[in-house]
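Undergrad: Supplied in structure tokens, the structure appears directly below.
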Amino acid sequence: MESFLIKGGVPLHGEVAISGSKNAALPIMAATLLTDEPCILRRVPDLSDTRFMVKILESLGATARFEGGTLTIHARKIKGYADYDLVRKMRGSICIAGPLLARLKRARISLPGGCIIGARPINLHLKGFAALGAKIKIEGGYVEASVRKLTGNSVFLGGRAGPTVLGTANVMMAATLGEGVTVIESAACEPEVVDLANFLRAMGANIAGAGSPTITITGVAKLHGAEHEVIPDRIEAATFLIAAGATDGEVTLKGARGDHLRAVIDKLSEAGVAVERRGANLVARRKSRLKPADVTTMPYAGFPTDVQAQMMSLLALAPGISIITERIFESRFMHVSELARLGADIEIEGPSAIVKGGRPLSGAPVMASDLRASAALVIAALAAKGSTQVTRIYHLDRGYEGMDLKLRKLGARIERTEEQGA
Ligand code: EPZ
């Protein structure tokens with residue numbers, strides 16, 4: 001098993017190119033199941049998650065070719081049930097359900113199950129499918145949805161923590177080939193949902209209102225192949241903006257979309273990190289001493305839960321009290337105890353973490369628990385004095401394309417090592 005060895009204390013300097021978005025690419029890859037014609041997707045990040053999704057699409061009968069960030073998928077002939085173990089291993093694969101239901105009128109996939117950050121039920125996905133007329137059966141660890149004819153309908157998709165991103169994506173995809181008009185109320189407004197809608201429209205779908213809480217889909221008889229370039233990854237971009245501030249460096253992000261990062265840029269400014277636009281690039285550097293800030297995660301356009309952990313690493317360096325409240329996932333503070341190994345002073349009180357910042361961090365062996373927690377540990381290690389070993393970095397490789405290479409280009413002292421005896 002691989003780990004990172006990081007020698008901290010070096011301010012990051014230079015340019016980094018932001019990759020395509022994992023969370024846009026996964027549902028867009030699933031959407032190619034909606035047509036029997038080839039689709040060409042550009043700027044698909046080369047990650048273990050996207051490679052996993054390719055395996056799932058191939059297990060359904062599609063063919064795929066992945067070269068230099070361009071993915072050609074042809075779902076000429078497909079079957080309605082995917083390999084149990086494959087789907088069970090990656091939550092994001094739930095978004096094959098909508099396209100299979102739309103194209104084949106049935107979908108049988110393993111229940112995704114919970115993950116370390118929360119229970120993550122799919123009741124809202126199933127509520128949406130049922131509203132379109134599908135019969136839902138849960139048996140033997142599988143969820144099966146079947147329908148004689150998908151019929152347009154209105155459905156409210158708001159849940160305990162607000163809208164659902166992949167639930168909105170799934171119901172939107174299912175409705176594209178339905179009869180009549182579907183209206184999704186309390187839809188997720190994330191840029192990844194908008195990117196998916198743009199791809200579906202390129203395939204011939206009739207969709208209005210993506211990016212707003214009300215999405216209207218008018219069903220069409222058939223969809224065709226299309227080409228699409230995936231949006232840049234706003235979570236990867238936020239991670240590098242925060243790393244620049246945490247190491248007191250200056251980093252230029254190439255290809256990032258500032259308009260997708262407003263809540264993050266606003267909070268960084270409050271914490272003393274300036275992010276300015278220079279031409280098509282974003283440049284991040286400290287504008288003053290780091291300052292405490294309170295953060296509450298919310299659905300888009302609020303502060304993203306996928307940046308909460310990284311922001312905690314920054315605020316652990318800012319003298320004073322910061323309160324970070326996680327409103328989306330019920331157990332997304334796994335990084336707190338590992339940050340404490342590096343010397344951070346953080347207490348958890350219910351949905352909030354109270355960060356007493358300003359204590360200098362020092363290197364130590366730490367363990368990654370999930371994708372974004374691992375990014376937070378890398379940022380803290382870069383800012384810490386001495387060496388840190390971050391183990392279980394397979395979590396990081398799920399969502400960051402060549403993070404160690406990119407960081408080394410910015411001057412970081414980071415090595416990918418094979419763990420002895422692991
Ligand atoms: C997407 O997950 C992202 N994953 C997550 O990113 C991200 O954290 C999340 O949206 C929120 O922004 C992908 O796009 C692949 P949700 P998703 O359904 O769609 C509850 C990362 O680090 N809920 O919007 O699965 C749910 O439990 C990952 O890249 C229900 O109650 O998240 C949660 O509390 C982690 N019932 C809240 O809604 C449902 O049927 C939001 O979840 C569905 C969700």
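Undergrad: Just checking, which of ALA134, ALA202 is touching a strand residue (DSSP E or B) at 6+ places or on another chain (Cβ under 9 Å) and surrounded by fewer than 18 Cβ atoms within 10 Å (Cβ to Cβ)?
TA: Going through ALA134, ALA202 in turn, just one is touching a strand residue (DSSP E or B) at 6+ places or on another chain (Cβ under 9 Å) and surrounded by fewer than 18 Cβ atoms within 10 Å (Cβ to Cβ): ALA202.
Undergrad: Looking at (1) within 15 Å of LEU100 (Cα to Cα); (2) within 13 Å of the ligand (Cβ to nearest atom), which is the only condition LYS127 fails?
TA: Of (1) within 15 Å of LEU100 (Cα to Cα); (2) within 13 Å of the ligand (Cβ to nearest atom), only one is false for LYS127: (1).
Undergrad: Follow-up question, since we're still on this one. Can you tell which of ARG51, ARG108 is in a strand (DSSP E or B) and touching a Phe, Trp or Tyr at 6+ places or on another chain (Cβ under 9 Å)?
TA: It is ARG108.
Undergrad: Do you know which residues across segment 163-204 are small (Gly, Ala, Ser) and within 7 Å of the ligand (Cβ to nearest atom)?
TA: GLY167, ALA188
Undergrad: Please list, ordered by residue number, the strands (runs of 3 or more DSSP E) wholly in segment 278-364 having 2 or more residues that are more than 14 Å from ILE265 (Cα to Cα).
TA: 320-325, 345-349, 352-357
Undergrad: Moving to a separate point now. Can SER374 be described as within 16 Å of the ligand (Cβ to nearest atom), assigned to a loop (DSSP other than H, G, I, E, B), touching a residue at least 12 places away in the same chain (Cβ under 8 Å) and out of contact with any Phe, Trp or Tyr (no Cβ under 7 Å at 6 or more places or on another chain)?
TA: In short, no.
Undergrad: A further question on this structure: Working carefully through the options ARG234, ARG160, find the one that is in contact (Cβ under 8 Å) with a residue 24 or more places away in the chain, of a type in the set (D, E, K, R), more than 25 Å from PRO38 (Cβ to Cβ) and within 11 Å of the ligand (Cβ to nearest atom).
TA: Exactly one residue qualifies, and that residue is ARG234.
Undergrad: Another one. If the Cβ limit is 8 Å and pairs must be 6+ apart or interchain, which residue in segment 289-307 that is of a type in the set (Gly, Ala, Ser) pairs with which residue that is within 11 Å of the ligand (Cβ to nearest atom)?
TA: ALA301/CYS189
Undergrad: Moving to a separate point now. Could you check how many residues of segment 137-166 are touching a strand residue (DSSP E or B) at 6+ places or on another chain (Cβ under 8 Å) and within 25 Å of ALA24 (Cβ to Cβ)?
TA: Here the count works out to 7.
Undergrad: Just to be sure before I move on: is LEU26 in contact with a helix residue (DSSP H, G or I) (Cβ under 9 Å, 6 or more places away or on another chain) and farther than 12 Å from VAL230 by Cα in the structure I sent?
TA: It is false that LEU26 is in contact with a helix residue (DSSP H, G or I) (Cβ under 9 Å, 6 or more places away or on another chain) and farther than 12 Å from VAL230 by Cα.
Undergrad: Could you tell me which of the residues LEU12, LEU26, LEU5, LEU33 is in contact (Cβ under 8 Å) with a residue 60 or more places away in the chain and under 18 Å from the mean Cα position of the chain (by Cα)?
TA: LEU26
Undergrad: Might you let me know whether segment 98-114 holds any residue that is closer than 30 Å to GLY20 by Cβ, buried (at least 22 other Cβ atoms within 10 Å of the Cβ), within 21 Å of the chain's Cα centre (by Cα) and touching a residue at least 60 places away in the same chain (Cβ under 8 Å)?
TA: Scanning segment 98-114 turns up at least one residue that is closer than 30 Å to GLY20 by Cβ, buried (at least 22 other Cβ atoms within 10 Å of the Cβ), within 21 Å of the chain's Cα centre (by Cα) and touching a residue at least 60 places away in the same chain (Cβ under 8 Å).
Undergrad: Same structure again: For LEU57, are the conditions met, namely being without any contact (Cβ under 8 Å) to a residue 60 or more places away in the chain and within 20 Å of LEU223 (Cβ to Cβ)?
TA: Spelling it out, LEU57 is indeed without any contact (Cβ under 8 Å) to a residue 60 or more places away in the chain and within 20 Å of LEU223 (Cβ to Cβ).
Read-outs: derived from the displayed coordinates by stated rules, not from any lab. Since we're looking at a predicted model, the values are computed, not measured. In this analysis, Cβ positions are derived from the backbone assuming ideal geometry, glycine residues included, and neighbour counts consider all displayed protein chains.
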